[in-house]
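Values quoted throughout were computed directly from the atomic coordinates according to the rules given, and no laboratory measurement underlies them. All of these numbers come straight from a predicted model, not from anything done at the bench. With ideal geometry, Cβ positions are generated from the backbone for all residues, glycine too; neighbour counts draw on all protein chains shown.
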Amino acid sequence: MRRLLILWDVDHTLVDSDGVGRELYQATFGGQMPQPGSMAGRTDRAIALEVLTLAGVDEPQQFVDAFHAAMAARAPGLAGLIAERARALPGAARAMAALAELGGLGDGQTARTARTAVVQSLLTGNIRPLAEVKLRPLGLTGHLDLDAGAYGDAHEVRAELVHLARSNAARQYGGDFGGQATVMVGDTPLDVAAALATGARAVGVATGGFSGAELAASGAHAVLTDLSATDQVLAAVLGQHGP
């Protein structure tokens, strides 16, 4: 059976979390946090390093893991705030459900128990506890195998997360997710660049700060205005792998 690994970005691809992640950084840092540049498409490891460097911390690499541990401890407490302020982006839940259905999944089943050809997970700049708390209160984790993905504390460079996700998915499901058997869906040129650097299929979604034209110019194999047209999402994501 052909296996396809679909890796979703979180912020401005599946959800608009209304800046909750930046607020978590501020709460974890305490005091007046120096403001990093754009967070779009960057990993939490890169962002934490920038924050600590701007704060004048000597050898900031030594403190990133501790900073992320403090963020992880605070993240579950954001569930109520996410439920109040965040929103799932149009079509996100339907798109994931439709892809799961193609793989033989019904409600309540997981990719592992169904031995599906389609494995869905995350490739996000967020640390995992933050990614989970942004999605779970909005009902967006049911078709995801979070253990098969990769998260932003693992490396500063987003492309390195693709290798990690492939390794995690192969360990869980067997088989090879090399080349365009991995599909990345995201809203920034950095998502696209990570896919292209690792031979994955890149699907851009113009629901963040970048236009469809900008995502196409960055090299995306397919570009969507948003996820609301499920048939278009399936065509873009599956490419030549469709049934």
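Quick notes
- Arg22 paired with Ala69, simple spin-label distance in nm, labels 7 Å along Cα-to-beta-carbon: 2.9
- Region 128-243 shape via C-alpha gyration tensor axes, a/c threshold 1.5: rounded
- The packing ranking, built from the mean of other Cβ atoms within 10 Å per residue, places the peptides 187-195, 144-152, 89-97 in the order 187-195, 144-152, 89-97, highest first.
- Here Ala213 and Arg87 are evaluated by their C-beta separation; at R0 = 35 Å the FRET efficiency comes out at 0.90.
- Local electrostatic count at Asp11 - Lys and Arg +1, Asp and Glu -1, tallied over other residues with Cβ under 10 Å: -2
- The stretch between Ala197 and Gln180, if pulled fully straight at 0.36 nm per residue, gains 5.0 nm over its current Cα-Cα span.
- For region 1-37, the residues whose amide N sits under 18 Å from a probe point set 7 Å from the Cα of Ala97 along the beta carbon direction are 14-15.
- Mean residue ellipticity, 222 nm, helices only, the chain: the sum of -39500 (n - 2.57) across DSSP H runs of n ≥ 4, divided by residue count and rounded to 500, is -12000 deg cm²/dmol.
- Region 181-230 shape via C-alpha gyration tensor axes, a/c threshold 1.5: oblate
- Distance (nanometres) between label positions extended 7 Å along Cα→Cβ at Gln172 and Asp58: 4.2
- Here the dipole of region 1-155 is about 520 debye; that uses its Cα centre as origin and unit charges on the Cβ of Lys and Arg (positive) and Asp and Glu (negative).
- Gain in span if fully extended, Gln35 to Thr141, counting 0.36 nm per residue against the direct Cα distance: 35.1 nm
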